[in-house]
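Please treat every number below as a calculation from the coordinates, not as lab data. Remember, it's a predicted structure, so these values are computed and weren't measured experimentally. Reconstructed Cβ throughout: ideal geometry from the backbone, glycine too, with neighbour counts over all protein chains shown.
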Amino acid sequence: MSPPPSGKGKESGTARVLGSGTSGIAELIIFHPVDTVAKRLMSNKSTVSFSSLNSVIFRDYASSPAARKFLSLFPGLGYAAGYKVSQRIYKFGGQPYFHDLINKHYKSSFTNTFGERKGKMMMQATAGSLTGIGEVVLLPLDVLKIKRQVNPEAFKGRGVLRIFMEEGTALYRGWGWTIARNAPGSFALFGASAFTKDYVLGIEDYSKATWSQNFVASVAGAVASITVAAPLDTVKTRIQNANFEHKVPGLTVIKDLVKNEGAGAFFKGLTPKILVVGPKLVFSYTLAQSLIPFFANYV
């Protein structure tokens, strides 16, 4: 979750980029393996049992030593780095920017519709939703990351530049489903976080929340976001992990998924995602909050 503006005006745009970017890199190195496990579980179309879990997660390295198994969970790290760092920079600066615009031009509308207290939360949630929609610009990097994680054969020995030149708009396949996932997911992330701070923790000024209060609010927001977005995230992942030349409509994915695997398959991979929400958000949030003021002393 993006940390709220400090309100002091000390952090420059450069400091935010450096702080959030560094946070994204550190988060990537630690949590990329878990993300790979979640993507592979979501992409697996057969019934997963305890006995088959090893082969589903580690694939060709299922019988390899533990160290080699662990390294096999880092496919597409370069693409993931480009996506995650760009995403973090965008989120850290994007949500506060959208919130400022809404607060400046539409605050009275939100206040008249929802009231002072709920209007403040709805502005945070709406700003988050707009930020999530804008993330579609980063979709090609997300597509390449997912394909490397679950379908490396799709690359056929091609480099990044060649893939961009040959595939073009195909890298935006699933953009509509990405927006459909991000809009409610980001709304739930920032909305649930604001709700927790206001109604559960009794914080009026969100920027004055303590580390522990931010931890509780971040976990609540992230769990809500992941749960709300899980069905569409599964559809998006299956669209994107197919071979480049094989275009699969989203409605076909949904139809086949329900027919062959049941409605519960929409939530495949949800458990490992939720299990990592707490430490992942605490790590990225506290690191960014520490690094942005640090870099502000120099830039």
Per residue of region 40-53, what does 6.51 cos²θ - 1.76 cosθ + 1.60 with θ = phi - 60° give for ³J(HN,Hα)? Whole Hz please, x for Gly and Pro, Karplus curve as stated.
5, 5, 5, 7, 6, 9, 9, 5, 9, 10, 4, 6, 9, 4
Pairs 208/236; 145/280; 236/273; 39/280; 120/236: which exceed 26 Å Cα-Cα?
208/236; 120/236
Would you mind putting 258-269, 209-220, 49-60 in packing order, based on average other-beta-carbon counts within 10 Å, highest first?
209-220, 258-269, 49-60
Surrounding charge for residue 198, neighbours by C-beta under 13 angstrom, Lys/Arg +1, Asp/Glu -1, total +2
Quick shape check on region 13-296: root eigenvalues a ≥ b ≥ c of the Cα gyration tensor, a/c under 1.5 is rounded, otherwise prolate if a/b tops b/c, else oblate, and it reads prolate
Can you tell me how much longer the chain between residue 46 and residue 14 gets when fully stretched, taken as 0.36 nm per residue apart minus their C-alpha distance, in nm with one decimal?
6.8 nm
What ³J(HN,Hα) values, in whole Hz, does the Karplus curve 6.51 cos²θ - 1.76 cosθ + 1.60 give for region 190-197 when θ = phi - 60°, with x put for Gly and Pro?
6, x, 5, 5, 5, 4, 5, 5
Spacing of the two label points (7 Å from each Cα toward its C-beta) at residue 53 and residue 112, in nm
5.5 nm
Under a point-charge model restricted to the Cβ atoms of Lys and Arg (+1) and Asp and Glu (-1), what is the dipole moment magnitude of region 13-296 relative to its Cα centre, in debye to the nearest 20?
400 debye
Tell me, 83, 90 in order of fewest to most beta-carbon neighbours within 10 Å?
90, 83
